[in-house]
1. Can you name the number of the only condition in (1) at pLDDT 85 or above; (2) in a helix (DSSP H, G or I) that residue B:156 fails?
2. For region A:114-136, enumerate the residues that are away from every other protein chain (no Cβ under 14 Å) and part of a loop (DSSP other than H, G, I, E, B).
3. Looking at A:226, A:210, can you tell me which residue is closer than 17 Å to residue A:47 by Cβ, more than 14 Å from every other protein chain (Cβ to nearest Cβ) and either in contact with a strand residue (DSSP E or B) (Cβ under 9 Å, 6 or more places away or on another chain) or surrounded by 24 or more Cβ atoms within 10 Å (Cβ to Cβ) (or both)?
4. Go through (1) at the interface with chain B (Cβ under 9 Å from one of its Cβ atoms); (2) surrounded by 24 or more Cβ atoms within 10 Å (Cβ to Cβ); (3) over 20 Å from residue A:183 (Cβ atoms) one by one and return the number of the condition residue A:107 breaks.
5. Quick check on residue B:279: is it under 25 Å from the mean Cα position of the chain (by Cα) and either within 24 Å of residue B:191 (Cα to Cα) or in the same structural domain as residue B:165 (by TED's automatic domain parsing) (or both)?
6. Quick check on this structure: which one of A:150, A:227 is part of a loop (DSSP other than H, G, I, E, B) and farther than 18 Å from residue B:196 by Cβ?
7. Out of the residues in region B:269-279 meeting the condition of being touching a residue at least 24 places away in the same chain (Cβ under 8 Å) and under 16 Å from residue A:95 (Cβ atoms), tell me which one is nearest to the other protein chains (Cβ to nearest Cβ).
């Protein structure tokens, strides 16, 4: 039985997008990266978006998260109708309150300790120093870094850095968690730790986790796998995740 | 005979000096207040001079040496501290010595006079009354007014103001440029980290505040460094016999100025934050 704070009801829609079209200028021509994509993700699901590089999967989460405005289409996220109708400031605010982000690179400030990395964002959310410290400590303990709170990135391994980045995203208690190739810079063992943490964010916290990857080995943990290629969704399958799956190359 | 010819004939090197003349009568008002009684008594002897310690090397003399002044022998009986002159070596002698050296022309009518009042508290009133009486024929100053006028004329006429002004302008330009470029570099080095904060919803305004706050702290560190360097410099100068006065008000102005320079540089480097595009991280 799980007794953690959950968002929405498992299975409720967290994000719904329809008819997303995104073009990039390439010389004189325009390249259409998203060709009318419909997408949705639900609370409690680990939704995997897979596709080769250049398929538009990263552009898709940029459009879903309010980072890159699509030319056409709309995004409804949580209680916001048409996210792209909001001002930049309101979109930032929406992300600050509701979204977590994990990138392929860990993007940690070299001069801050693990604890400070996590606290910084919490303070921007309006938490007091004391509250931020407490929440950050809990988040770091949850990713297994309780003993590394005061280390700077230079003293952490790649896997530990990614876990700090995950703690930074999870400490906000996000309703939607975006992850872009979160394991591709990591070895099998650390990759497994990371994907399990994402799995837990969905199952235990009820977050809608949207994970972009080209690594097919991660599929085992997903509730849903969406294949995208050439700006279009090829297929969309529901799965039964196996939380005890083992990432290959792990000895 | 030119100096070069004199030198060829083995004559000692000669230097032009500035002469400060004091009245060595006990209680005279032209004796600087930090002169010891022994020094004044020594200067009261005929043909004696005192030299600031910074001019000893230039003049090639030391305490007790004899030197030739205006063709006559004088004796160095005192070494002063705190009277350096960067333009020209200065010597001090009594009015009587000057007269005996044949350099006083007996004109006691037109020169400046220093007078002492029985009640110094009335100085301002007396000076005003004297000026009233003189109707522009003379000018009376209190001690403070004279000191201020002296300091002011140093800054108005001297090369000092050009040197100081030049240093200030250069300092500001170099300070802004260096701090600006350093901050810009620091932001550029962390641009992905800033972008990830943007992705997590931290607005551009907040990032700007971070940068300006950062530059404020850089400024404070700069002030601390400046305090240390200035202190070391003043120690060095003191070793060389130059006493640097560091009035608090001036230090405050410079300190605030340094912080403003740093914050100005911070504002200049805000533009580079625009490069923190979180969408660029999704590649």
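The values are calculated or read from the model by the stated rules, or taken from the named source; none is laboratory data. These numbers come from a predicted model, not from an experiment. All Cβ positions, glycine included, derive from the backbone under ideal geometry; neighbour counts span all protein chains shown.
1. (1)
2. A:128 - this is the single residue of region A:114-136 that is away from every other protein chain (no Cβ under 14 Å) and part of a loop (DSSP other than H, G, I, E, B).
3. Within the list A:226, A:210, the selection yields A:226.
4. Exception for residue A:107: condition (3).
5. So residue B:279 fails the test.
6. A:150
7. So, considering only residues that are touching a residue at least 24 places away in the same chain (Cβ under 8 Å) and under 16 Å from residue A:95 (Cβ atoms), the one nearest to the other protein chains (Cβ to nearest Cβ) is B:278.
The rows are residues; the columns are (1) free of Cβ contacts under 8 Å to residues at least 40 places away in the same chain; (2) exposed (fewer than 12 other Cβ atoms within 10 Å of the Cβ); (3) within 24 Å of residue B:18 (Cα to Cα).
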residue	(1), (2), (3)
B:93	no, no, yes
B:96	no, no, yes
B:101	no, no, yes
B:112	yes, yes, yes
B:115	no, yes, yes
B:119	yes, yes, no
B:123	yes, no, no
B:127	yes, no, no
B:148	yes, no, yes
